[in-house]
Amino acid sequence: SSNIILTNTQIHVSTASARETPLYKAANPIILPKSGLYLEKPSQEWLHKQMQRGLHLLGYKNVSDKKWTRCQHPRQTYFFKTIDTVFTGIPKSGCSNWIEALLRADGQYTEPLDPKQVYLVHNKLSQKNRMPYFQKHEPHLASIMASSFSFTVLRNPWTRMVSGYRDKLSDEETQGNSIRRMGIDIVKEIRGVEDDTLYPTFEEYLLYLIKYNGTNNIHFMPQHKILCVPQASYDFILPLEYASVMQHDVWTHINTSVHLLSSYDSVADPRLQTSAIRAREWFSAISHDIVEKIYELYKVDFTMMNYSNFSDPDFPLPLHKRDAK
C-alpha cells in the first residue's frame, strides 16, 4: 500500500518498504514548459506494467481475460464489427472524439461532424455498438470479441476533475451539456441553499466528492471503475495526454486512415491546455487536507499511469521517463 504525503515543496509516496520516493517536485514558482516540446511517448510495456500496479491496489492479479460482455459498466465499452475493435470510452477522457473516429473507421458514419456536436455520438449513432446491445441481440459475438483488438484512453485525474467541473457543473459555456441537477444538489448539500440559479464552486464540488466518498455519476467517478476490469485486459493503453502522437499507433492496428477531430483546446501541448492551467491554479489554492482526501479517492487512477501532480512542471503527463532513470 502507499500513502501520499504533502509538504510545502513536494509530494512523496511512502511505500511498504519504508522507502520514500519524491515523485512530484514542485517548482516554486511553477515554471511552465516551453510550448512545442517533443512529447516522448511511453512504451506499451511500461503502460501495461503501470496499469497492473494500479489494479494490484484493488486486489486484481494478472488480469488477462477478454470477457467484454461482462463489464461492470457495459454501456461504456463498444464493439465495432467491421474493424474488429473493442473500445472502452471514459467520460472526460476524450471518449466522444474517439467514438466518432471509430464510427467513421467502421463505415457507420461518413458525414462531417461539427466538434461542438460531437455529443451526438453518444445517442443513436453508437447505441448498436454498446455492449448491452450485443448482450441482448448478438451474444454469440462474445467469442469473436475475445480475439479483437482492444484499447482504452486514460487521463490525469486532476485535469479530468477540472474538465468535468467546467463542462458539467460550472456556468462556463462549453461544448457539452451541463448536469444542472447535480450542481444544484452540491450547492444544497455544501452551502445549505436550494436555488436553481446558483452554481457550485470548484471547492464545493471537491467537498461534495469527499462527503459522499465519490459519486456514481459516470463523468466524475474514478476511471478504473469504468474500465472492463478484471473481466478483460486491453491490448493497447493510451494516455490522453499523448493522443496526438499515439493515435497513429491505434489506427495502424486497425488499418484505417481516419484521425481524431481537433481538440477543443487549440493548444497542442497538453501541459499548456486550459484544463491543465486551471488545475494548477485551482488545486494550488485548495487546502492540503482536501487535496489529500481527493487523492485517496482517485489513488488507483493516479497509480495506473504514474500521473504527475499539479505542482510538477511536466503536469499533466505520466512520469514514465523518470521511472526509466
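The values are calculated or read from the model by the stated rules, or taken from the named source; none is laboratory data. Only a predicted model underlies this, so the values are computations on that prediction, with no experimental measurement involved. Reconstructed Cβ throughout: ideal geometry from the backbone, glycine too, with neighbour counts over all protein chains shown. Heads up: the accessible areas ignore ligands, DNA and RNA and are worked out on the full protein's heavy atoms, side chains in. Shrake-Rupley method; radii C 1.70, N 1.55, O 1.52, S 1.80 Å.
Table for the structure above
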| read-out | value |
| --- | --- |
| Listed pairs Lys49/Lys81; Lys92/Lys299; Lys92/Lys225 exceeding 20 Å between Cα atoms | Lys49/Lys81 |
| Among 140-152, 90-102, the order from most to least packed when residues are scored by Cβ within 10 Å on average | 90-102, 140-152 |
| Accessible surface of Ile179 - all protein chains present, 1.4 Å probe, nearest 10 Å² | 40 |
| J(HN,Hα) series, segment 224-233, from Karplus relation 6.51 cos²θ - 1.76 cosθ + 1.60, nearest Hz, glycine and proline x | 5, 6, 8, 4, 8, 10, x, 5, 8, 10 |
| Whole-percent carbon and sulfur share, accessible surface of segment 36-161, 1.4 Å | 51 |
| Per residue value of the accessible surface for segment 197-273 (all protein chains in place, 1.4 Å probe), Å² | 43 |
| Under 5 Å, built H, 5+ apart or other chain: amide partners of Ser150 | Val86, Asp235, Phe236 |
| Rounded percent of accessible protein surface that carbon and sulfur make up, segment 163-296, 1.4 Å probe | 46 |
| Efficiency of FRET from Cβ geometry, Ile290 and Asp185, R₀ 25 Å, rounded to 0.05 | 0.85 |
| For segment 309-317, 3J(HN,Hα) per residue [Karplus equation, 6.51 cos²θ - 1.76 cosθ + 1.60, θ = phi - 60°, Hz, x = Gly/Pro] | 7, 5, 8, 8, x, 9, 3, x, 6 |
| Segment 210-278 versus segment 103-177: alpha-carbon centroid distance in Å | 11 |
